[in-house]
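The values are calculated or read from the model by the stated rules, or taken from the named source; none is laboratory data. Keep in mind that what you see is a predicted model, and the values were worked out from it rather than measured. Here Cβ is always computed from backbone atoms with ideal geometry, including for glycine, and neighbour counts include all displayed protein chains. We work out accessible area using only protein heavy atoms, side chains counted, and drop any ligands, DNA or RNA first. Shrake-Rupley method; radii C 1.70, N 1.55, O 1.52, S 1.80 Å.
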Amino acid sequence: MNNLRKALSITLIIGMLISLFLLYEHFSPSASKFCTFGKHFDCGIVNKSPYANIDGIFYLLTIDFNLNLPLINVSNINWFFDLITANAFLGFLTLLFLFILNKNPNKKVLWIKPRDNRKWVISILIFGVIYGVGYLFAIQHFVLYTYCLFCLLLDIAIITSLILAIKIKN
């Protein structure tokens, strides 16, 4: 495994660990003070907000932008849907999948052929950048006016992973 692949694997593992903390923070009964650094850096506010899962997109469009759309709230159906809609969980699964693809660049994983591994890694990371850095950072900056330090660290890990994945040649 060359140095770029090692660096990508390490970055993805760091992203997984950050995602696990964010998952814990999202499902804990109360926000921890571990990630609170004044009024502008508070993981609890970000992770406990209605924007902290995929339902947050509908919340933003319906409540904040006053669009005449149904307010969809699938996370309250049962624990499974709440787990699936949590951004940290999706981030963790994505990073785990990327790690598996990166670990076996010449081996077929699920339905993905070896020659397509890099394309899948880059595509999923681009989605992560658009969703995580684009949407979630915009929510923190323009709507909540506070930042989650671990969310920002996860954004850095995703951007770094994307840069490394682009630099890796098959």
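Considering only residues that are in a helix (DSSP H, G or I) and either touching a Leu at 6+ places or on another chain (Cβ under 8 Å) or loosely packed, with under 14 Cβ neighbours inside 10 Å (or both), which ones fall in the range 28-53?
Cys43, Ile45, Val46, Asn47
If Glu25 passes every condition in (1) within 20 Å of Ile158 (Cα to Cα); (2) out of contact with any helix residue (DSSP H, G or I) (no Cβ under 8 Å at 6 or more places or on another chain); (3) at pLDDT below 85 but one, which one does it miss?
(2)
Would you say Ile124 is part of a helix (DSSP H, G or I) and either surrounded by fewer than 17 Cβ atoms within 10 Å (Cβ to Cβ) or at pLDDT 90 or above (or both)?
No, not satisfied.
Can you find even one residue in the range 61-75 that is among the hydroxyl-bearing types (Ser, Thr, Tyr), modelled with pLDDT of 70 or more and under 24 Å from Phe150 (Cβ atoms)?
No; the residues of the range 61-75 include none that is among the hydroxyl-bearing types (Ser, Thr, Tyr), modelled with pLDDT of 70 or more and under 24 Å from Phe150 (Cβ atoms).
Search the range 1-22 for residues being open to solvent by 80 Å² or more (accessible area, probe 1.4 Å), over 17 Å from Leu153 (Cβ atoms) and outside any loop (DSSP other than H, G, I, E, B), and hand back the single one that is modelled with the lowest pLDDT.
Lys6
Within the range 135-163, can you find the residues that are without any contact (Cβ under 8 Å) to a residue 40 or more places away in the chain, open to solvent by less than 40 Å² (accessible area, probe 1.4 Å) and more than 11 Å from the chain's Cα centre (by Cα)?
The one that is without any contact (Cβ under 8 Å) to a residue 40 or more places away in the chain, open to solvent by less than 40 Å² (accessible area, probe 1.4 Å) and more than 11 Å from the chain's Cα centre (by Cα): Ala138.
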